Structure formats: structure tokens, C-alpha cells
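For reference, the structure is listed below as C-alpha cells.
What follows is calculated from the coordinates using simple rules that are stated; it is not laboratory data. None of the values given here were measured: they were computed from a predicted structure. Cβ placement follows ideal geometry from the backbone for every residue including glycine, while neighbour counts extend to all protein chains displayed.
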Amino acid sequence: MQAEQRVSVRQMKVLLIFFIVGDLMWYLPSYTAGVADQDAWMAALLGVGLGIGVSSFIYWFGSRFPGMTIIDIHRHVLGKFAGGILSLLFLIHLMSNGSAQIRVIGDFMTTQMMTETPLRVVLFLFAAVVLISVRMGLTVIARTGQVFFMMFMLLFTILILLLIPESEPSKILPIASHSAADIIRGGLFVVAFPYCQMTVFLMLFPLLEEERLSLKQYMIPLIIGGAVIIIVVTLSILVLGAYMTQHQLYSTYTMAKKISIGNFLQRLEAILVINYLLSTYFKCVITLYAFCRGLTQLFGLRDYRVLTLPIFLFIFGYSYVISTNVVFFNSLGPAWALWEMSNVIFLLGFVYVVHLLKGLIKGKPLHSS
Amino acid sequence: MAFLRKSLHICLALGLASLLLSGCWNRRELDDLAIQLGTSIDKIGNQYRVAVQVVIPGEVSVRTSSSGISPVTLYHATAPTVFEAFRKLTETSSRKIYSAHIRVLVLGESLAKEGIGEVLDMFSRNPEARTDFYLMVARNTTAMQVLKTITSLEKIPAENLFYALDTSAKTWAPTTTVSIEKLIEQLVTEGLSPVLTGVKVVGNAERGEELTNIQEIDPAARTRFVGLAVFRKDKLVGWLNEEQSRGYNYIMNNVKSSAGHLKCPKGGLITLETIRNTTHIKADIKGGKPVITVKLKNVSSVSDVECRIDLTKPETIKRLEKAAEERFVELMSSAVKHVKETYGFDIFGFGHQLFQAHPRAWEQRKDKWDEQFEQLEVKYEVDVQIHKIGTTRDSFLNYIKE
């Protein structure tokens, strides 16, 4: 049954773009502007550059082990026990990411739009939608992605076009007044948040219909997603200025509120929020789908679908207890970024080094004989 | 068994469908809300007195004729914090105050002198309120008094204040609009102190509260915008008069359209209408010292000739342009001089311009910018162009028979 869930390269590209844009709209401008002020756009530019490098490494790592998911790779390289522990770490990371994404939506809805609605109601509904989608399988998710992709791009283009009249070029001045260290620190957030998280796709690459995704096909969504990141951060600085970008909880929402074309076309923020919700939804679905598949593989179950109901209840609860309040949740950012980066280093880098060493040890006697 | 399963499914589907019927979680019907249009905050001792002007829907609707009661009503409450005061309003109001449609926020002069920072946070934190309302400072009166004055052309006094300021800022140089986001940004920007437009009640303030006020053609009391309030950090320290406000707005590029007069060579006055105006401020470091250049580009037209002047000659236009340029320099430099001498801190954002152009030079100077500002060299480069003189050539004043 699982073997049927395959996606085409085209669908994979759409999923990649959705994943990269993902939940960055909620917090990335604030994080980058938090360290680099009006130079945040440089941080975003640098971060996207480095991030494409990191995700190329992820791709390259996956292509060393064709047809294998990261769970298989860990088992193959490190054996059942040590590999299992690494895989478990990876799965905990996926689960926390999925829950955090649901929590971001919950916090946003109860802060900006429905202030008197209990957080748990929003979390329950969003988690339910996500897990129902996960249960439907990757084919359905990918087709949904294709359906919504045009709308997503259209709304995003509208957002940019309508915000151009509101932007003030002088807000970006002075250029490069921050030290390189600050700009790199801002850039690392961009590297961590969409790009290091792309380890998730190591669960999905083996599900492609075609043999494999070529590097070129993989790069196009990375660049489109990167462009979206750079545009959003730059617009946020141009429209809101460094202070507002840092100090608004949801700066992209505040930015959308600014739209006013001739005092007629305004108050579009509720419509544009759909866009932010949509990309977060897809990111969350992809993450939790990978989580379910990974769990099934790790424990050798036959079908991941039996897990969706317990996982739904668990994710709902976890997203509620993950943080006691919105202040703590936002303060997690830097630590979370480090976690994402260390995942790439340990779960991929370390494993590949071990794989190489194993090859050397095994290879040596072969050469000498 | 199959029947049981089927009926269970139907029950489940119906149960889920009922979720759709419930509507919003915290919906509020229109007739449960009191729509707040104007707000005023005064400081009484250690507490804030918040007054809210609420519209009475029946009185402002177009179809039903007015029944002779006021179109708005005012609720006020006093509490230690602004938000508490807002909730305390329900002690007198029958409905919960809905703040999304707020148009103006009037701050009392005594509050402004003690600092406005504390009252502003609520307005940017509250998700309900929109941020496109204007702020103003009540001058020589309490903020509540401003909201009590009944107006006629706009039935709702808060709307009147909003549109009066909006129109005035677009067509008359001495006034300007400040929204809460702009004000907060000015408060946190280094090298820039904020200003707000002042509003006062002219005429008989007590009669202005009565409905008879608008039964007269010339109401006994009106609200009027007067000068700009100068803030040091978030505390009101003084006022600019009309000329200085005009100079300030020209420097800050706040002027869209305006009118100003010049003296004719042979006595009498001639009025120029500003059609377009753009000002750029440039900051440089020359000889180790910051130099500010204010570049003003202005397109005007002759709109009123009240003297004998020959408008058929191109030289006259040249002379007028020259005179207008001198007049702009005088306006702006006297505003800068006044601020330097009286207040001694930067309300023009010259420091901020320096930061944007030369961030490192600003770092060295920012701690003693007030002293630097007093010594600051400001240059003016004004370019006035007169393209049109209206529909007549020479004024008939030149041809009035002896």
C-alpha cells in the first residue's frame, strides 16, 4: 500500500517551494532584523546563499544512498542499535517541528484574529486537518499542493505589488552599518530555518516516481523559495522599518495591514493571511508525514495509517504544552536554530564520515590483496 | 451490523455538520457594540481619564430624520491604566466599546507634559484597534472638552476632527498628520524628536457642548488646529507658532499643497499657491563637522494678485521665483533657529539623516547631539518654479481708471 504513494518530480518541486516558504513568514523577518536591524536584507541574502549550499549537501548526502530513507541510511551505516538511536533523535526533531508549526498558527490566531478563542481549539482543528491530510497519503498531499500553488503564487505577487507603494527606500539606510558578525548571525537563522529543516526530504526522495531528482531540478525550487525569503525580509524592512519589524510579534501581518491603495483597496490582511496559513500547513503536513513514515520504518510496522490517530492526539497535546506562553515560545528561536544546524552536522555529516571510514577499513584489505 | 455501522456514520456526519452552523466563536452583533470614533485621554492626578465618543447609529443614518438628540454620546471613566479605564467605561455604557473604528486620539496638554509614552503602548498592542487614526494634543483645554464640541457639517465630532486635519494637512502647510505608528517610530528613532498637531476649542466652550451650537450658522464654539506641539522624548515642552510650523513642515517634506504670500516691490501682497513640493535633507561631513543641506523643490502658481505688478513680463516671474526662494529660506531657517535657541534639541531628524548617510560619524556624535545640533550648520538650496499664473494675464488692478 505504501509503495503506491509516489510523487512526480513536478509535484516534488511544488512541495519543496511550499516547504521552504513554510512558516518563515511568521518569524523570520523579526529574527533577522533582531540582530542585523536594517541590514536584515543582507543577512537574508547571505543566509539564502549559505542555505542553498547546506541543502545541496543534504541532496548530495541523499544521492549517495539511492533509494534509501534517512532511517535506512542510519541503519545501514551504524547498525540497528546506534542507527536506531540517531533515527529516534531525527524523529523527535520532526515531531517537535510539526508541533511548533501548529503552535505558531495557534498563537497567531489567538493573538491577532480571534483573541478570545481558546488556544486549544485552534490547535485541535489545525492538527486535525494536518493529520487527516497525512492519512490521505503523499499523492494526495502533492496534488493538493499543485492545486493551491497557483493561488499561493498569485496572492504572494499581489502582496508584493500592493506593498511597493507603501515602501520607503530611506528605511534601508544606512547600508552595511552592522559588523559582518551581526549579518552572519542574522543569516544563520535563514540557513537554519527553512534550509537545515530540509533533512525532512530525505524521507521523501525515495518516493519519487522517476528514478531521482536531478540537482538542477532540485535547485529551482530552492532558488524560488530563497527569492521569497529575500523579498519578504526586504519588504518588511522597507515598509515597516527595522524597529517595527523587530518589535511586532507578526511583522508580515502588520505589513499586510499597511496596504492601502487610494483609501479603497485596504484591510486585505485577512485574505493574505490565508497565504501564510497555506504554506505553514504544507510544511507541517510534509514534516508530520515524514514523521509517520519514519516511525513506521524504524519499528518495522506495515502501514503508517494506524498511527495517525494516536499521533494526532499526541501532536495536539504536545503543541499545547511545548511552551507555556508566547514569550517563551519566541525565546526558543536561537536555540531551535542551533538544533536544526546540529542535526545536519550529526545526523548527516557524522554518519557520512562513519560511512567513509567503514569503506576505508573494508576497502583496504581489498586493495592490498 | 451494516445498518448499525451506516447509522453511526450518518450520526457522525450530522454531528460534524452541526459544527458548521455555530458561526464564530466570539462573534459580536452590531447592536451589541458601541462604536468608538473619538478617544481622549487626560491625566487626573495619578490616574488616566479616558473619554470615548460613541456614535448613536439611529441619529447618523441617512434615512431616518434626526430626532433632535445628539448624534454621539460620550462615556468617560478614570482608572490607573488606560486599558482598565476602557473597560471601566462599561459602568456607564450599556454596550461594550468597540475600538476598531477609532478616528482620532486627543491627548490632554497636562498628560502630554508628563509624558505620552505610557498611554500609547495599549494602542499598538491591542489587536482590535486599527492604526490609521490621527493623534493630536489639546491646547489650553482638556482633551475631553475637544470631544464635547458639537459640529455641524460632519455630524460626528470625531469624524470632523479627522477630516479637518486630513484636509488641512493636504492643503495648508502649518498642519500635519501623525498616526500612532509614525509617532512610535519617531519616539524610538535616534536623532529625531516628534511633534504633534495641537487642537483647541475656540469660542464659548460651554455652549459648544449644547446641541444649539449647531443651530447657528456661526457656531458659538469650534475646534481649531493651532501650531505644532514639540516633544522632548515623550514629554511636551513647547509649541511652534504658525510660521514655525510652516517652516517645520517644509523641511520635513510634509507639505503637499499650500499658499503663501510675498511682498510686491511697490507695496501690497501677492499670493503663490504651492502645487507640488518635495524636500530632501542631505547630511555630510565637511572638515570634521556635520553639515546639513535642505534641498527644497517647489512648483507654485500665482493665484492672487493684490498689488500692482506686471505679470506680462518674463522678468517678473523670475523676480517672483527669486523672492519666493528667499521667503522659503527665511521660513525654514527661522524655524530651525527658533528650535535651536528655545529647545536645543533636534525635531527635524537631522541626526537621523546623519546616521543614515554616515553611520560611523553619527556613532561618535550621538551622545552629545543636542550640543552639536545647536552649533549645526544648515544650508538651504531652494528651487522655486512658477509655471502658471491662472486664467488672466495682467491683473486688472493695473488698469483701474484714475
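Some values worked out for this structure:
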item: Local electrostatic count, B:LEU120, Cβ distance below 12 Å [Lys/Arg +1, Asp/Glu -1]; result: -3
item: Of B:LYS155/B:LYS200; B:LYS43/B:LYS340; B:LYS170/B:LYS368; B:LYS282/B:LYS366; A:LYS257/B:LYS43, those spanning more than 24 Å from alpha-carbon to alpha-carbon; result: B:LYS43/B:LYS340; B:LYS170/B:LYS368; A:LYS257/B:LYS43
item: Environment charge of B:PRO265, counting only residues whose C-beta is closer than 12 Å and scoring Lys/Arg +1, Asp/Glu -1; result: +3
item: Net charge over other residues, Cβ less than 14 angstrom from the Cβ of A:ALA337 (K, R count +1; D, E count -1); result: -1
item: Using alpha-carbon coordinates, inclination of helix A:9-21 to the longest axis of chain A, degrees; result: 50 degrees
item: For A:170-178, mean number of other protein chain Cβ atoms within 10 Å; result: 4
item: Pairwise centroid distance, computed over Cα atoms, of segment A:9-32 with segment A:200-242, Å; result: 6 Å
item: Over chain A: Rg over Rh, Cα atoms, Kirkwood Rh; result: 0.98
item: Euclidean distance of C-alpha centroids, segment B:205-267 and segment B:109-141, integer Å; result: 19 Å
item: Percent antiparallel among DSSP beta bridges (both partners in the protein assembly as shown, rounded to 5); result: 70 percent
item: Gap separating the Cα centres of segment A:37-79 and segment B:306-361, nearest whole Å; result: 58 Å
item: Enclosed volume per residue, in Å³, of the convex hull spanned by Cα atoms of the protein assembly as shown; result: 242 Å³
item: Antiparallel bridges, percent of DSSP beta bridges restricted to chain B (to nearest 5); result: 70 percent
item: Helix axis angle, A:24-36 relative to chain A longest principal axis, alpha carbon, degrees; result: 80 degrees
item: Segment A:2-363, relative contact order [Cα under 8 Å, separation at least 6], %; result: 39 percent
item: Mean Cβ neighbour count within 10 Å, used as a protection proxy, ranking B:263-271, A:233-241, A:132-140 highest first; result: A:233-241, A:132-140, B:263-271
item: Neighbouring partner chain Cβ atoms per residue of A:105-115, average, 10 Å criterion; result: 1
item: Hydrodynamic radius of chain B per Kirkwood, over alpha carbon pairs, in Å; result: 24.5 Å
item: Principal axis dimensions, largest first and in whole angstrom, of segment A:234-356 by Cα; result: 61, 35, 29
item: Percent antiparallel among DSSP beta bridges (both partners in segment B:242-402, rounded to 5); result: 70 percent
item: Helix axis angle, A:138-163 relative to chain A longest principal axis, alpha carbon, degrees; result: 30 degrees
item: Given charges at beta-carbon only (K, R positive; D, E negative), |dipole| of segment B:30-240 in Debye; result: 240 debye
item: Semi-axes of the equivalent ellipsoid for segment A:1-141, Cα gyration tensor, largest first, Å; result: 30, 24, 16
item: Computed Kirkwood radius, in angstrom, where 1/r is averaged over Cα pairs of segment B:30-240; result: 17.3 Å
item: Once the Cα gyration tensor of segment B:173-330 is diagonalised, semi-axes √(5λ) in Å; result: 32, 29, 12
item: Lys/Arg +1, Asp/Glu -1 at C-beta; chain B dipole; positive extreme among B:ILE97, B:ALA220, B:GLY203; result: B:ILE97
item: Cβ-derived FRET efficiency at R0 30 Å, A:THR139 paired with B:ALA2, nearest 0.05; result: 0.50
item: Contact order relative to length of chain B, as percent, for alpha carbon pairs under 8 angstrom and 6 or more apart; result: 12 percent
item: Distant alpha-carbon pairs in segment B:242-402 (separation over 26 angstrom), percent; result: 38 percent
